[in-house]
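Right, one structure below, let's go through it.
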Amino acid sequence: MPMPVFEDYQPAGDCACPGCAQRRRALARGRAIPLRDGGHPAARGARRALVLATAAGVVLGGGGSAVALHTPAPGPGPVTLDDPDTPQGGRAPLHGRPSTVTRPPGLPGAPSAVRRIDRATIINRAKLWLDAKVPYSMSAYWTDGYRQDCSGYVSMAWNLGTNEWTGSLHTFATPITRDELLPGDMLLFHNPANPNNGSHVTLFGGWADATRTHYIAYEQTRPNTRKQATPYAYWNNATKYLPYRFTGVAGGIVPDAPQPGPSPVVSTVFPGTSKFGPGADNAHVAELGAMLIGRGASRFYPQGASRKWSDSDRQATQAFQRAQGWTGTDADGVPGSHTWRLLVERGGKDIPPAAPGGTTTPTTPTTPTTPTAPTVPIGHAGPGGVAAYPGARVFRPGTSHPAIGVLGRQLVKKGFGKHYTSGPSARWSEADRRNVEAFQRAQGWRGSSADGYPGPETWRRLFA
């Protein structure tokens, strides 16, 4: 009987026969981490065992001189495909080099320290894979050491020192609300009962339009990295996606309550004047509006910031430029590189509030106190007779805090307590939000400026 000849073969990607399935598993184990880089020796042995086991079967079965290893399954029984236990690989250091993130001994949770990163850098890092069209894979690694799946992509964009998965990314972040979402935050769905069923994560790139029904999602999915307008919160399992903010984020577009920590180095890359002006429709316009609102331009945006350039953007930009003392062509209402840098770095002077007769005085922005360290006791007057603002995090659904009760009593005192069916309490409720919204609308604010969640300016006016 002629001696059979056995060769290595490449299994079909969609074939479910036992031979191809086993070969795919062996190849994945062999390629994931080479032996010279610390891979497990069993990976090489598995490959040899597959060929030897098949050879033995052929000899015992009386096979001929040419035997194909690609044989269909004899029955309809279940076939285990080349899938890991989770929709991504497990938590691991960057491929090819040790982890740079330290964790408390014995604790699998969030790291004790994370690298600070601004929002512009997060989005720019996400665009690196988008431009390279990185193919999706649960076992392969890109040249930067990050796994080529959805959680590896977010790990890369946030510049984590490890490859995380959907079950661990939340330990590097804090929960936020839909209204607080900013570019660089994430929308996470992790299904702990069955991680293979639907678990996914996307990076929030900004709202796609003024209605806020769609957002720009950066995500790693088949066949490769993509960016597209996506219905909030996703195409399926929409209600299960939760918004989170990376604990290391700093700079760029900032919320009312800034992240504590040292002043970061902020990216000041200007997208160019061609991105602004009549007819412009892009994410940079929306980012400009959001930054201007943060510098006192709320009155120019009754419907909130939008991707489409409008006279609101021109007037708000011009107001900011004039606040710096600029005139003529330097205050034409179209942002240049200097205007952009001041907005990104929160430099220069804020837009002064409107005053009777049109007389305003530019003010230099001050650093607000952190939510956990008010300068004076809650409810007591601070400098100028204004009670200390406790921070935006206090006013969230389900939160209990003495400041909420103080807020409620002040709303009633000012005549904005009609939504309370019982006295104000220390627990945040929908009645609190609706009363705050009524107060904000009484100031002439609209859109996101009248969302019912008190920021520093709402607080100042309420207690003035």
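The values are calculated or read from the model by the stated rules, or taken from the named source; none is laboratory data. Keep in mind that what you see is a predicted model, and the values were worked out from it rather than measured. As a convention, Cβ positions derive from the backbone with ideal geometry for all residues, glycine included, and neighbour counts pool all protein chains shown. Just so you know, the surface numbers come from the protein's heavy atoms only, side chains and all, with ligands and any DNA or RNA stripped out. Shrake-Rupley method; radii C 1.70, N 1.55, O 1.52, S 1.80 Å.
Just for strands (runs of 3 or more DSSP E) wholly inside the range 194-304: which have at least 3 residues that are touching a His at 6+ places or on another chain (Cβ under 9 Å), at pLDDT 90 or above and charged (D, E, K, R)?
none
Give the residues of the range 405-446 that are among the hydrophobic types (A, V, I, L, M, F, W, C), touching a helix residue (DSSP H, G or I) at 6+ places or on another chain (Cβ under 6 Å) and open to solvent by 40 Å² or more (accessible area, probe 1.4 Å), sorted by residue number.
416, 426
Just for the range 319-334: of the residues that are of a type in the set (Val, Ile, Thr) and either assigned to a helix (DSSP H, G or I) or under 15 Å from residue 277 (Cα atoms) (or both), which one is modelled with the lowest pLDDT?
Of everything passing the filter in the range 319-334, 329 is modelled with the lowest pLDDT.
Examine the range 75-89 for a residue that is hydroxyl-bearing (Ser, Thr, Tyr), at pLDDT 75 or above and surrounded by 14 or more Cβ atoms within 10 Å (Cβ to Cβ), and state whether such a residue exists.
no
Hey, any hits in the range 147-165 for a residue that's modelled with pLDDT under 90, in a loop (DSSP other than H, G, I, E, B) and surrounded by fewer than 21 Cβ atoms within 10 Å (Cβ to Cβ)?
Yes, there is a match, as at least one residue in the range 147-165 is modelled with pLDDT under 90, in a loop (DSSP other than H, G, I, E, B) and surrounded by fewer than 21 Cβ atoms within 10 Å (Cβ to Cβ).
With (1) in contact (Cβ under 8 Å) with a residue 12 or more places away in the chain; (2) farther than 15 Å from residue 90 by Cα as the list, and residue 131 as the residue in question, which single condition is left unmet?
(1)
Determine, yes or no, whether residue 411 is at pLDDT 90 or above and assigned to a helix (DSSP H, G or I).
Yes, satisfied.
If I ask for residues that are among the hydroxyl-bearing types (Ser, Thr, Tyr) and open to solvent by 30 Å² or more (accessible area, probe 1.4 Å), which ones from the range 179-212 would you list?
211
Which residue is surrounded by the most Cβ atoms within 10 Å (Cβ to Cβ), if the candidates are limited to the range 213-243 and must be in contact with a Gly (Cβ under 8 Å, 6 or more places away or on another chain) and basic (Lys, Arg)?
227
If residue 453 passes every condition in (1) of a type outside the set (A, V, I, L, M, F, W, C); (2) modelled with pLDDT of 85 or more; (3) in a helix (DSSP H, G or I) but one, which one does it miss?
Exception for residue 453: condition (3).
Please enumerate the residues belonging to the range 335-352 that are open to solvent by 80 Å² or more (accessible area, probe 1.4 Å), closer than 28 Å to residue 444 by Cβ and either at pLDDT 85 or above or not in a loop (DSSP other than H, G, I, E, B) (or both).
The answer is 349, and nothing else.
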